[in-house]
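Taking it in order: structure first as structure tokens, then the write-up.
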Amino acid sequence: MLDSALFDRHIRQMRTLLAALSSVALLSFGPVQAQAQAPALAQAPASNPQVAEVERYFNAIRTMQARFVQSNPGGTVVQGTLSVSRPGRMRFEYDPPSQLKIVADGSQVTMWDIANRDFGQWPIGWTAASFLVREPMVLQGGDLTVEKVERTDGMLQLTMSQTRKPNEGKVIVRLGENPMVLRGWSIIDNRGQRVDVALNGLQTGLPLAASLFKFDGPDAGAIRRGAN
């Protein structure tokens, strides 16, 4: 369990990461050195069959649910449950003592935390991990560009950036192979800080209630007053 100081720091970090979200599909990313980009691009031609396989994998998914472990800058680690309904809907629900919840309903993202009197809403394109709910996911000639494809620790790893803003940062998606399954991702924000998310027990094709992807907390005023 986190002590109060560490937990407060985690909440501040989450707010910073969410508030700094960039448009389209990724978190706002930090500067990337040009020397590191050139060889990466050379390793991932647009016709890469592994990239096409990853596209097919995500585009075949309608729903998914998994437990997640999130490692934040500063060393804090939190857990919770991720639910996804493609296109456009997902929910991050953090385990106690956190009361943080993040829900995308297909048009906007709502984040709330009653304990910390926190409430915020953003357009759907400003979602942490919205690459999960893109419909269709296009990694070859779309909004995302795969810069590198590699195998690390028995997993397929894709390093991606925004096509129109390739110097603003990266998301690294990790998948198991044979059969292909999403294992997690890492996102680097605009200050160079990294958030790692690992998934456990991922299931797809589950019947998930539409109500799961609706804001189900008190109104914003009650949250900011610390309502329970």
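Among residues that are surrounded by fewer than 16 Cβ atoms within 10 Å (Cβ to Cβ), without any contact (Cβ under 8 Å) to a residue 12 or more places away in the chain and either in contact with a Leu (Cβ under 6 Å, 6 or more places away or on another chain) or outside any strand (DSSP E or B) (or both), residue 96 is included. Elements of the type strands (runs of 3 or more DSSP E) sitting completely within segment 134-208 and holding at least 3 residues that are of a type in the set (Ser, Thr, Tyr) and in contact with a helix residue (DSSP H, G or I) (Cβ under 8 Å, 6 or more places away or on another chain): there are none.
Look at residue 201 and say whether it is of a type in the set (Gly, Ala, Ser), within 20 Å of residue 68 (Cβ to Cβ), in contact (Cβ under 8 Å) with a residue 40 or more places away in the chain and surrounded by 15 or more Cβ atoms within 10 Å (Cβ to Cβ). No: the conditions fail for residue 201. Within the option set 107, 130, being hydroxyl-bearing (Ser, Thr, Tyr), under 17 Å from the mean Cα position of the chain (by Cα), closer than 26 Å to residue 54 by Cβ and modelled with pLDDT under 90 holds for one residue only, 130. Give segment 33-60 a look and list any residue that's at pLDDT 85 or above, aliphatic (A, V, I, L, M) and buried (at least 17 other Cβ atoms within 10 Å of the Cβ), or say none. Matches in segment 33-60: 51, 54.
The values are calculated or read from the model by the stated rules, or taken from the named source; none is laboratory data. Computed from a prediction, not measured in an experiment: that's the story for all the values here. Virtual Cβ from ideal backbone geometry, glycine too; neighbours counted across all protein chains shown.
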